[in-house]
Every structure is written in structure tokens, then in C-alpha cells.
Amino acid sequence: MLFLKDRGFQHPVASEITPHAVYEQRRQMLRLLAAGGGGLAMAGWASREALAQIPRPNKLAALAGARSGVAGATTMEKLTAYADVTTYNNYYEFGTDKSDPARTAGTLKSRPWTVAIEGEVKKPKVYDLDELLKLAPMEERVYRLRCVEGWSMVIPWVGYSLSELIKRVEPTGNAKFVEFVTLADAKQMPELNSRVLAWPYVEGLRLDEAMNPLALLAFGLYGEVLPNQNGAPLRLVVPWKYGFKSGKSIVKIRFTDRQPATSWNRAAPSEYGFYSNVNPNVDHPRWSQSKERRIGEDGLFAKKRATTMFNGYEAQVGQLYTGMDLKRFY
Ligand code: MTE
């Protein structure tokens, strides 16, 4: 694989098996289990036993999800290999090289973990991770993730709609935006002393964007809990926006009446807008956004593929931006 050739390290738990084949096998098993009555959520010990028999791409705890019923939540495109998803990352708290997070994020302590819900809500609360894991049925969703840098992946996430959580905390009439604050702990994160970004990494959405069923609170990928480098123990995945809108390792969700100041927008306002919807017609000031390279498939010298409006999710989210000038609100 040309693009990812020897990055000078060994993923500590990489396995020899073909991730995609293994995944398909497991998926088949999940289908069988689901068809067997009761559904996955109520799978008894026998089913769990069966699940345990299936070789997994890595050695993390299993986190199964029933296939999502949300429209557009699952593309049939070829999945990006587990090895690529977990070794080609942007997680600047653990280094700015794509290979850094897989190498250094072992120090992230993803348990115990809490997420504080604050601001304009009727029911503010500090949720424990275990509570969040049980809050709503886990779904599997295969989303395209398009990075602002011009590469993309197809990843089978496990989680549930962010709206499930939002509904439970009851936003007040003043809530117009949602701010996502991620972990910033210099003891666990080697790059926190660097000045690449203002920490903590903060992202935000308009409330109606956050309520769109496609916005996913993800706890896993490829049927397992999230690897640290992908944002353990929980992160956001907003598939119609550039990847940087999807904050990793979230510790606080705050509802506000004003548009939150986000890390990338503060760092370079002319380059990274608040909205940051994937849009092939609006270039980054320093490069075109009309094409992308699919990691693991399109080599360095291969023809890139066309980027689609809202990353292909226009039918689901286009109405959120009716009447808005998307060049101005980039
Ligand atoms: N979240 C935090 N806390 N820190 C980061 O540096 N990088 C973002 C986003 N979330 C980032 C983050 C960017 S630029 C992208 S493209 C995606 O995470 C990458 O997610 P992945 O590594 O799981 O593919």
C-alpha cells in the first residue's frame, strides 16, 4: 500500500487476519443473530458466546450494534481496512503526524469517564460512561468520513444518534448551539504543551444540526469499543461535515444561545469556518476541495475521486441550510 508505506512503527496489537473479511464474517453472524428473534440488544448468553467465537480485527472489547434504521446511515461502499482506520489519524493532542496517535495514545485513560451536560438544558447532569452506553440501543452505521485535508475513509461506527442524549436533557428555549469540549490533560496527552491549537479541542454545532439523526455519538468501530487514537471512549461523528467537526474523547457538552468559539476557527478563521460542511464548490484558501483520496484504495498517483456535496448526505441534511449562502457560511 503505497500511501501508508512503512511509517516506522508497529501497531501494538495489529493482527495478521484480513480485517475486512473478518468483519464481513462477523457481520453475517450478527445478521443471523438478529434474525433469530429477540434482536441483538436482548441477545442471551448463548449469542454472546457465539459472538465471542468470531475473530475480531483487534483485541478490544466487543461492542455490537444492530444495523441502523436511520435513512442514509449506512453506505455500501467498501470499508477502509481496520489497520488504516486505526493508524492514520488526526488527534493532535497525541502528535501531528498521522502515525503519532496510534503510537502514543496508549496513555489515554478512557475509564472511569464522565460527560458533563451543562448550560441551557432543563436537566443538566454528569453522565457516567456506563450510563451513556445504556442510554439508547447501539446501532452500526457505515459512514464516509472526509477530512478537510483531502482524504477520506469509510468506517463502520457503533453508537446512537446524538439526539437521543439531547432529548433526555431537554434543551431550553434559549439553546441554539451545542458546544463539545474534549479531554485536555497534559499528564495523558504528550502534545498538550505544544501550541498547535488552543486546548481543549472544542467543536460546535447548531442545535438543529445536532438533532439531525445522522449526527452520531460513537462509542465503537468495527464492532469494538473505540481505540484510543480514534477518540475513546466516546466521540462525535458528523458525516456531512469535514472530519475536524467530529471531536474525540468528549468530556463536556454545553448548550448555549451563542455560536461557540471552536478550536480550528480560532486558529485560522479564514480557513476553517464554523459550519465546515463538506462542499466541493468551496475551496480551502490553500487547496481545492473538489476531490479526495480514499485511504487504502487510491494510491498517491491514482486519480482522486470527486467529493460530493455534504459528503453525499445532501438528501438527509440539505434542508438544514435552505437559504444560506454556503460560500459565506463555509
Ligand atoms: N478531536 C480531537 N480532540 N483532537 C483532534 O486533533 N482531529 C479531528 C477530529 N477530531 C481531532 C479531533 C480531525 S482533523 C479529523 S479528520 C478526525 O478527528 C479524524 O478522526 P479519525 O482519526 O478517527 O479518522
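The values are calculated or read from the model by the stated rules, or taken from the named source; none is laboratory data. Predicted, not measured: the structure shown is a model, and the values here were computed from it. Cβ placement follows ideal geometry from the backbone for every residue including glycine, while neighbour counts extend to all protein chains displayed. With ligands, DNA and RNA removed, areas are computed over all heavy atoms of the protein, side chains included. Shrake-Rupley method; radii C 1.70, N 1.55, O 1.52, S 1.80 Å.
Among the residues of region 281-292, is there at least one that is in contact (Cβ under 8 Å) with a residue 40 or more places away in the chain and buried (at least 22 other Cβ atoms within 10 Å of the Cβ)? Yes; the residues of region 281-292 include at least one that is in contact (Cβ under 8 Å) with a residue 40 or more places away in the chain and buried (at least 22 other Cβ atoms within 10 Å of the Cβ). Residue by residue through region 103-134, note down the ones that are of a type in the set (A, V, I, L, M, F, W, C) and surrounded by 13 or more Cβ atoms within 10 Å (Cβ to Cβ). Ala105, Leu108, Trp113, Val115, Ala116, Ile117, Val121, Leu129, Leu132, Leu133, listed by residue number. Condition test on Glu271, is it touching a residue at least 12 places away in the same chain (Cβ under 8 Å) and in a strand (DSSP E or B)? Against the criterion (touching a residue at least 12 places away in the same chain (Cβ under 8 Å) and in a strand (DSSP E or B)), Glu271 does not qualify. Is it true that some residue in region 210-230 is within 15 Å of the ligand (Cβ to nearest atom), open to solvent by 10 Å² or more (accessible area, probe 1.4 Å), more than 28 Å from Arg111 (Cα to Cα) and in contact with a Ser or Thr (Cβ under 9 Å, 6 or more places away or on another chain)? Among the residues of region 210-230, not one is within 15 Å of the ligand (Cβ to nearest atom), open to solvent by 10 Å² or more (accessible area, probe 1.4 Å), more than 28 Å from Arg111 (Cα to Cα) and in contact with a Ser or Thr (Cβ under 9 Å, 6 or more places away or on another chain), which makes the answer no.
Exactly one residue out of Tyr242, Tyr201, Tyr222 is over 26 Å from Gly273 (Cβ atoms), touching a residue at least 60 places away in the same chain (Cβ under 8 Å) and among the hydroxyl-bearing types (Ser, Thr, Tyr): that is Tyr222.
Can we say Ala81 is at pLDDT 55 or above, under 19 Å from Arg235 (Cα atoms) and of a type in the set (Gly, Ala, Ser)? So Ala81 fails the test. Looking for something within 16 Å of the ligand (Cβ to nearest atom), out of contact with any Cys (no Cβ under 9 Å at 6 or more places or on another chain) and modelled with pLDDT of 95 or more - is there at least one such residue anywhere in region 171-179? Yes, region 171-179 contains at least one residue that is within 16 Å of the ligand (Cβ to nearest atom), out of contact with any Cys (no Cβ under 9 Å at 6 or more places or on another chain) and modelled with pLDDT of 95 or more. Tell me, yes or no, whether region 245-259 has at least one residue that is of a type in the set (S, T, N, Q), closer than 19 Å to Ala116 by Cβ and either open to solvent by 10 Å² or more (accessible area, probe 1.4 Å) or touching a Cys at 6+ places or on another chain (Cβ under 8 Å) (or both). Yes, region 245-259 contains a residue that is of a type in the set (S, T, N, Q), closer than 19 Å to Ala116 by Cβ and either open to solvent by 10 Å² or more (accessible area, probe 1.4 Å) or touching a Cys at 6+ places or on another chain (Cβ under 8 Å) (or both). Right, Ala218: assigned to a loop (DSSP other than H, G, I, E, B), hydrophobic (A, V, I, L, M, F, W, C) and closer than 25 Å to Lys59 by Cα or not? No; evaluated as a whole, the condition is false for this residue.
Exactly one residue among Gly247, Gly323 is assigned to a loop (DSSP other than H, G, I, E, B) and either among the hydroxyl-bearing types (Ser, Thr, Tyr) or in contact with a strand residue (DSSP E or B) (Cβ under 8 Å, 6 or more places away or on another chain) (or both), and that residue is Gly247.
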